[in-house]
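Step one of this worksheet: look at the structure below.
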């Protein structure tokens, strides 16, 4: 029997420019993209380090606002600690500034191997993921941080004066900002899983109670302290994000294929 002819590829369905690179060419391309990413990170750090002190005080504003009157200051235990803290702040801010350019390098490395319809799907998700992450960090800074620190500091009692260290508070604030940024990605993750046919909204609704319990457990692990207030401040947004994910899964579900996990 004659060999079957290859299935014709519809216009716009093949990988970009039909590229076929060797392993060495892939590694060279990866090295090129990593060099550009490190260059952009260095430029972001250089631009941010000059403003590292104002950025640090901006990040610490919720912490300082929760301190008692006359005690609104942070401390350090070593003469080199402030220097390294401001270096760390400059690196964080530089990474934030350079992130769009770094993501563009990642995209430039991955895009040639994707179909055009896949690229049309991924780009909106990357933009939405960035927006959701920033929204989560902003929500944490504007809504969560000050009530959380108010509770933590005031729970010590009126006769105990807080001595808060710069490094510890910076790590705590950055951990919470990162955690809430990741939590706000949950609706996109569930929507994406529904779009590719792994789950559907019925499956997510059926296991809602299990998801709530899991969210509370994760919130207890992520929360730096075990108090109920911080646990609730972390768990409630996680549950709300799960509900938004169910709505997204319902709207953008894959209709032409049965999901892998169904109710």
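Coordinate-derived values only; no laboratory data. Since we're looking at a predicted model, the values are computed, not measured. Quick reminder, even Gly has a Cβ in these numbers, built from the backbone with ideal geometry, and neighbours come from all protein chains shown.
Structure notes:
- Relative contact order of the chain, taken over Cα pairs closer than 8 Å and 6 or more residues apart, is 23 percent.
- Here residue 32 and residue 77 are evaluated by their C-beta separation; at R0 = 35 Å the FRET efficiency comes out at 0.25.
- Projected label distance in nm at residue 69 and residue 240, using a 7 Å step from Cα toward the beta-carbon: 3.3
- Residue-span extension gain [residue 125 to residue 150] - 0.36 nm each, minus C-alpha spacing: 5.4 nm
- Using the rule -39500 (n - 2.57) for each DSSP H run of four or more residues, divided by the residues of the chain, the 222 nm mean residue ellipticity is -23000 deg cm²/dmol.
- Rg and Dmax [Cα atoms of segment 89-200; Å; Rg one decimal, Dmax integer]: 19.1, 65
- Between the helical axis of 23-49 and the longest alpha-carbon principal axis of the chain there is an angle of about 30 degrees.
- Diffusion coefficient (Stokes-Einstein, Kirkwood radius over C-alpha pairs, 10 °C, 1.306 mPa s) for the chain: 72 µm²/s, rounded to a whole number.
- FRET efficiency estimate (nearest 0.05) - Cβ-Cβ, residue 24 to residue 217, R0 41 angstrom: 0.35
- Stretching the chain fully between residue 57 and residue 174 yields a gain of 40.8 nm (0.36 nm per residue, less the alpha carbon separation).
- Fraction of the pair-distance distribution of segment 58-108 above 17 Å, Cα-Cα pairs, percent: 58
- Put simply, segment 71-144 fits an ellipsoid with semi-axes of 37, 18, 6 Å; these come from the alpha carbon gyration tensor as the roots of five times its eigenvalues, largest first.
- FRET efficiency, 1/(1 + (r/R0)^6) with R0 30 Å, evaluated for residue 198 and residue 115 via beta carbons: 0.95
- Stokes-Einstein D (µm²/s) once Rh is taken as the Kirkwood radius of segment 103-150 over alpha-carbon pairs, at 4 °C in 1.567 mPa s: 101
- The fewest-to-most ranking of 89, 173, 163, 229 by surrounding Cβ atoms within 10 Å reads 163, 229, 173, 89.
- Note on segment 127-251: percent of Cα-Cα distances in each 10 Å bin, starting at 0 and stopping at the bin with the largest distance, equals 13, 38, 30, 13, 5, 1.
- Cα point-scatterer Debye curve for segment 31-162, base-10 log of I(q)/I(0) at q = 0.20, 0.21, 0.22 Å⁻¹: -1.20, -1.25, -1.29
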